[in-house]
Each structure stands twice: as C-alpha cells, then as structure tokens.
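Beneath this line is the structure, given in structure tokens, with notes to follow.
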Amino acid sequence: LDGQEFYSCSDDGLIRLWSVSGSTKTDNDGGSPNHGPLQTWRIQGSFKSIDHHWFDPVFATASDESVNIWSPERTTPIQTHSNLWGSDDTVNVVRYNPAERSLLAHCSLDRGIGLHDTRAGTALQKTVLKMRSNCLEWNPMEPMNFVVGNEDYNSYTFDMRKLDKPTKIYKGHQGAVMCVGWSPTGREFATGSYDRTIRIFQHKQGTARDIYHTKRMQRIFTIHFTSDHKYLVTGSDDTNLRLWKAQASAQIGQKNSKRRIGTTIPSDSRQEVRAFTRSQTYIKISQNTQGHQETDCHCPNSKRKCRKETIQSCQTF
C-alpha cells in the first residue's frame, strides 16, 4: 500500500514479497544488503495471477486449484474459493474491484467469468463465453464495468449487475487478445494481442481509433497507461518494453513561443483569428523622397505601389 513493496507469483507455486529499494536485512557473512525476497509463501500447485487489494493489506491469487485470499501475517490462505460453480478448472486471472472492497472477479479456463464476495466468502454469479478470456480489468472511473480480452480475437465490456450479455463488443484484432489496460480517465482502453499489434478503443466505439505495430515487436502480453494518460507501456515476447504515445498526433518535446501562445488560446478563438487574418490585406506605408506618401501594397493580385488616396481600395475586410 505504501508503494515500497510488491508481490510476485509463478508456476513453481511460490509467492514472494519484494522490496523496491532492497531488503533491510543483511547477510551474516559480509553484512551486505540482501536483495532477496522479504517473505515467501508456498502451495501445492502453480499460480497464474495475483492482485493486491486497493485499500486493505491482503492480496488474492489465482491457481490451478482455487482462488485464495492471503494476509501477509499468515502462512496459509485466510479464505479459499474452490469448486467454482461445479468446475475445478484453472483460474487464470483475478482482479479486485477498485470501489467495492469485498468484490473480486476472475476468469477461468472453462470459459467462465465469475464474481466473488470476499466478505461473505461466497461466489456470486458467473457467465460463460464461447471461448476463454485471457485478461480482465475494471474501469477505474465506472467500477461497475469491466473489460475482458478473449481468444476469439475480440474484447468485451460487461456490467457486473447484468452478466448475461456484454454491453459492447470491440473487434479488429487478428489474434487472441492477451492483455487490456484502462486509461485513467476511464474513457478508453488499450489491448495487446497475439497478432503483434496494439489497438486503442474508445469506450463507446467498437472499432479502434489507433493501431500501433513495429516490424520487430512480437506477441504482446502486458500493457498499461501511465497515470497522466499521455503514454502507453507494453511488454512483448521479444523481451522488450516499449513506450508509446497515447495520442499518435500529440506533440512532445519543448515548445517554441508560437506553439506556446497557440495552446493558450481557445480553439474557437484561434479559428476566428485565422479567419480574420485571411480577410485582411497587409499594407506597409513608406515615405518617398519627394514627400509623397506611398504604400507597398501586398495584395495577392498586385505588386504596384499605391497612392495614399487609393489605399482604401486595396483593403478588403
């Protein structure tokens, strides 16, 4: 919760607690800092997913046997959800709801998406799709909604109050959707796929507004927005992390004076200024050597010099 520690799980059946800055413990021999895990938990089986509670010091794991709730102060789970709706299949994703403290969602290999009440220790409801889902994420601004990425190349949003059908289907990928990530605004999300592309979807549109790909990038397994909504971070099968602009046309880097001034004027005012500028003729007045006042007329259809009395004929408004 303090941002200084994190948990990891793996197929070897181990959960490890790590420190971001390194362990405060020291080795007995040299007294050097020990950068190993602070704490370890073990089960008989393998872990597929882990998620920490948003507010409480507990975390949930998904394994090939059950969904478990853990406390750092105990070596065994404080709560176990097994035989989920009559199915003993592997649970591959588990996620806490960001608003409801006792609500937990999961995806399983039997093509199911289920909800749990950790306060009562019971399973709430479940829906089954035609193919299994690989990922699940709650909307941070509308926590009653969540999105899943499926093996049928599509993503689906659901309302947890009505799981019998999705609220929206998002199409476009040519491979299984492996990861999804919501924008902090809750208005759009990004997906990473087995087809080696990234697609950004508006919450209310079924097609992608942007598609990112590179020649060397392989299958994408993780994707996240930065907290300022300006960038995307992806991890792919070629062992690389990549940083992308959330808006492909967004300008980055230091702005010059003209660009800074332009961004401070509202868009409607900028359009009015451009329209007014196009309708004007710029005239430079010069004084000739004979005392006659002449002008350099910069009308688009004229390169002559005009007398003072003809200046008005050259101006257009």
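Does Arg209 satisfy the condition of being assigned to a strand (DSSP E or B) and either exposed (fewer than 14 other Cβ atoms within 10 Å of the Cβ) or more than 14 Å from the chain's Cα centre (by Cα) (or both)?
Answer is yes for this residue.
Of all residues in segment 46-66, which are open to solvent by 50 Å² or more (accessible area, probe 1.4 Å) and either hydrophobic (A, V, I, L, M, F, W, C) or in a strand (DSSP E or B) (or both)?
Lys48, His52, Trp54, Phe55
Residue check, Phe201 against (1) surrounded by fewer than 14 Cβ atoms within 10 Å (Cβ to Cβ); (2) modelled with pLDDT of 95 or more; (3) not β-branched (Val, Ile, Thr), all met but one. Which one?
(1)
How do the pairs read when you match residues in segment 104-127 that are on the phi > 0 side of the Ramachandran plot with residues anywhere that are surrounded by 17 or more Cβ atoms within 10 Å (Cβ to Cβ) and outside any strand (DSSP E or B), using Cβ under 7 Å and keeping only pairs 6 or more apart or on different chains?
Short answer, once both residue conditions are applied: Arg111/Leu129; Arg111/Arg132.
Against the conditions (1) in contact with a strand residue (DSSP E or B) (Cβ under 8 Å, 6 or more places away or on another chain); (2) under 25 Å from Ser249 (Cβ atoms); (3) of a type in the set (Gly, Ala, Ser), where does Gly149 fall short? Just the number, please.
For Gly149, the exception is condition (2).
Has segment 130-144 got at least one residue that is open to solvent by less than 10 Å² (accessible area, probe 1.4 Å), within 20 Å of the chain's Cα centre (by Cα) and more than 20 Å from Val67 (Cα to Cα)?
Yes; the residues of segment 130-144 include at least one that is open to solvent by less than 10 Å² (accessible area, probe 1.4 Å), within 20 Å of the chain's Cα centre (by Cα) and more than 20 Å from Val67 (Cα to Cα).
Return yes when Thr214 is of a type outside the set (Phe, Trp, Tyr) and open to solvent by 20 Å² or more (accessible area, probe 1.4 Å) and no when it is not.
Yes; evaluated as a whole, the condition is true for this residue.
Among the residues of segment 224-242, is any basic (Lys, Arg), part of a loop (DSSP other than H, G, I, E, B), more than 30 Å from Asn134 (Cα to Cα) and at pLDDT below 95?
No, segment 224-242 contains no residue that is basic (Lys, Arg), part of a loop (DSSP other than H, G, I, E, B), more than 30 Å from Asn134 (Cα to Cα) and at pLDDT below 95.
Just to be sure before I move on: is Lys171 over 24 Å from Phe221 (Cβ atoms) and basic (Lys, Arg) in the structure I sent?
No: the conditions fail for Lys171.
I'd like the residue in segment 21-44 that is exposed (fewer than 14 other Cβ atoms within 10 Å of the Cβ) and within 20 Å of Val93 (Cα to Cα) and, out of all such residues, is modelled with the lowest pLDDT.
So, considering only residues that are exposed (fewer than 14 other Cβ atoms within 10 Å of the Cβ) and within 20 Å of Val93 (Cα to Cα), the one modelled with the lowest pLDDT is Gln44.
Going by what's in this entry, would Thr76 be described as assigned to a loop (DSSP other than H, G, I, E, B) and more than 30 Å from His173 (Cβ to Cβ)?
Yes.
The rows are residues; the columns are (1) crowded, with 17+ Cβ neighbours inside 10 Å; (2) at pLDDT below 90.
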site: Arg74; (1), (2): no, no
site: Pro77; (1), (2): yes, no
site: Ser82; (1), (2): no, yes
site: Glu100; (1), (2): yes, no
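Specify which of the listed residues (Leu104, Leu109) is open to solvent by 20 Å² or more (accessible area, probe 1.4 Å) and of a type in the set (A, V, I, L, M, F, W, C).
Result: Leu109 is the single residue among Leu104, Leu109 that is open to solvent by 20 Å² or more (accessible area, probe 1.4 Å) and of a type in the set (A, V, I, L, M, F, W, C).
Quick check on my filter: what residues within segment 161-198 are surrounded by fewer than 14 Cβ atoms within 10 Å (Cβ to Cβ) and among the aliphatic types (A, V, I, L, M)?
Residue satisfying the conditions is Ile169 alone.
The values are calculated or read from the model by the stated rules, or taken from the named source; none is laboratory data. The structure presented is a predicted model; accordingly, all values stated were derived computationally and were not measured. As a convention, Cβ positions derive from the backbone with ideal geometry for all residues, glycine included, and neighbour counts pool all protein chains shown. Note: accessible area is taken over every heavy atom of the protein model, side chains too, but ligands, DNA and RNA are not part of it. Shrake-Rupley method; radii C 1.70, N 1.55, O 1.52, S 1.80 Å.
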